[in-house]
Amino acid sequence: MRQKIYFKTFGCRTNIYDTELIKSYIKDYDIVNDENLADVIVINSCTVTNSADSGTRAYINSVKKRGAKVILTGCGAVSKGKEFYEKSSIFGVLGASEKSKINELIAKNERFFELGDLKSIDKNIVTNYENHTKAFIKIQEGCDFKCSYCIIPSVRGASRSMSQSAILNEAKILATNGYNELVLTGTNIGSYGKDSGSSLGKLLQNLGKISGIKRIRLGSIEPSQIDDSFREILAESWLEKHLHIALQHTSQRMLNIMRRRNQAFKDLELFSELRALGFALGTDFIVGHPGESDDIWQEALSNFMKFPLTHLHAFVYSPRRDTHSATLKSDVSGDVAKQRLKTIKQIVAKNNYEFRVQNKKTLSVLVEQIKDGFYHGFDQYYNPVKIQTKKDILKEWVNIDKYEVKNEANFAKI
């Protein structure tokens, strides 16, 4: 009787892609969607924060109690794999470059520690996404930035791009298989092409020509990566009218401490330019980083309120071992950091609501799931939409002209 294997994915869209890629190498096991039925559980882990590590540890402990063999892959395999392996918490460790070996490693039925290196580029492609209405394409791996707080370059390696021909081929197959929305992902997708004489903008120009693709959504990009080739595609109908541009902070003094490349006032100019073109805009922001004095925070807050932000991925600073920031004196109390986080979240929530009220355009929604009597999806501005209807519109594209704007989402009846 064939053993059953279950995949648990933590973290970013890149991990969602990597999980599907690893599944493609499974030949002698049945992949199941119920972890309670699994003999083997593969955890694709995240390590961007301490809480991410804690989540991985708690999940390992919970499934080990049921007697499942646990295999750890993803970013946490590099940062925590050795620790978990030596404590016998897990059966095996699988590095990013070793994905294709997973079937044979499990079949040997011997514990393994195969981290490999941080230089590989995936050869296989993903052509189907179970339980997803949209498809993810990984266009690059790794990051060349050296932000003081970030562990990711040390667990993902230097930036390296997938070949454009392979990406376009993957996109064509996905479009043929019925995926009309593509999400481009990677560790730092704005770095795409810097090692091959291309750019993210040039890649997008070619992806947009593929028949069947209705929308292309991007992962996080850096302000400095919006170049002339990127600006050329800003008016294209297939580009989602939402961009997520990582600021991390809005005080120039804090950006210097963080060893960031962006500049606060240039960032504001860029965001104002994009907002004038009708884009909803999101960002990442870290509060409570060492050195965030009251004076710096007030400067940051004053600047932050000038940014036309509609979406926010913000969190309290968490020191990561082997980063420069971890060597700095932590001088912001937890309570102060949480209050600062709450403040900027409230500002952006208000901005988002006002954006939706003032920007009453026809919404183009890809319906992704049914929940609590509503069909759920996201519009072109990456805002959630809940739809009531007697029709079956799951996985369908719908255009909505009449809808009610509420704090948590836009609501429509069709």
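Every number here is computed from the coordinates shown, using simple stated rules; none is lab data. On a predicted model such as this, the values are computed, not experimentally measured, just so you know. Cβ sites come from the backbone with ideal geometry, for glycine too, and all protein chains shown count toward neighbours.
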Residue by residue through segment 15-27, the couplings from Karplus 6.51 cos²θ - 1.76 cosθ + 1.60 with θ = phi - 60°, in Hz, x for Gly and Pro, are 5, 4, 4, 4, 4, 4, 5, 4, 4, 5, 8, 7, 10
Please order TYR59, TYR381 by the number of other Cβ within 10 Å, starting at the fewest. TYR59, TYR381
Cβ density ranking, 10 Å radius, fewest first, applied to HIS311, HIS289 yields HIS311, HIS289
Any lysines with Cα under 21 Å of the LYS65 Cα? List them, leaving off those in the same chain fewer than 8 positions away. LYS4, LYS8, LYS80, LYS82, LYS87
Considering the chain as a Gaussian network with a 10 Å cut-off on Cα pairs, which listed residue, ARG13, ARG217, ARG231, attains the greatest mean-square fluctuation? ARG231
Neighbour count of at most 16 Cβ within 10 Å plus DSSP loop: longest GluC sites (Glu not before Pro)-free window in the chain: 237-395
Residues of segment 119-152 with the amide nitrogen closer than 11 Å to a label point 7 Å from the Cα of SER163, along Cα-to-Cβ, please. 123
When the Karplus curve 6.51 cos²θ - 1.76 cosθ + 1.60 is applied with θ = phi - 60°, which whole-Hz ³J(HN,Hα) does each residue of segment 269-285 get, with x for Gly and Pro? 4, 5, 4, 5, 4, 5, 5, 5, 8, x, 7, 7, 10, x, 8, 9, 8
Separation in nanometres of the label points that stand 7 Å from Cα toward Cβ, at LEU328 and ARG259: 1.1
Cysteines, the chain, no other Cys beta-carbon under 4.7 Å: CYS12, CYS46, CYS75, CYS143
Kindly put LYS402, LYS202 in sequence by how many other C-beta atoms sit within 10 Å of each C-beta, fewest to most. LYS402, LYS202
Residues of segment 121-141 with amide N under 13 Å of a point placed 7 Å along Cα→Cβ from SER100: 121-125
Applied in sequence order to segment 366-376, the curve 6.51 cos²θ - 1.76 cosθ + 1.60 (Karplus, θ = phi - 60°) yields integer Hz couplings, x standing for Gly and Pro, of 9, 6, 9, 7, 10, 7, 6, x, 10, 7, 10
With each label point set 7 Å from Cα along the Cα-Cβ vector, what nm distance links VAL336 and GLN388? 4.8
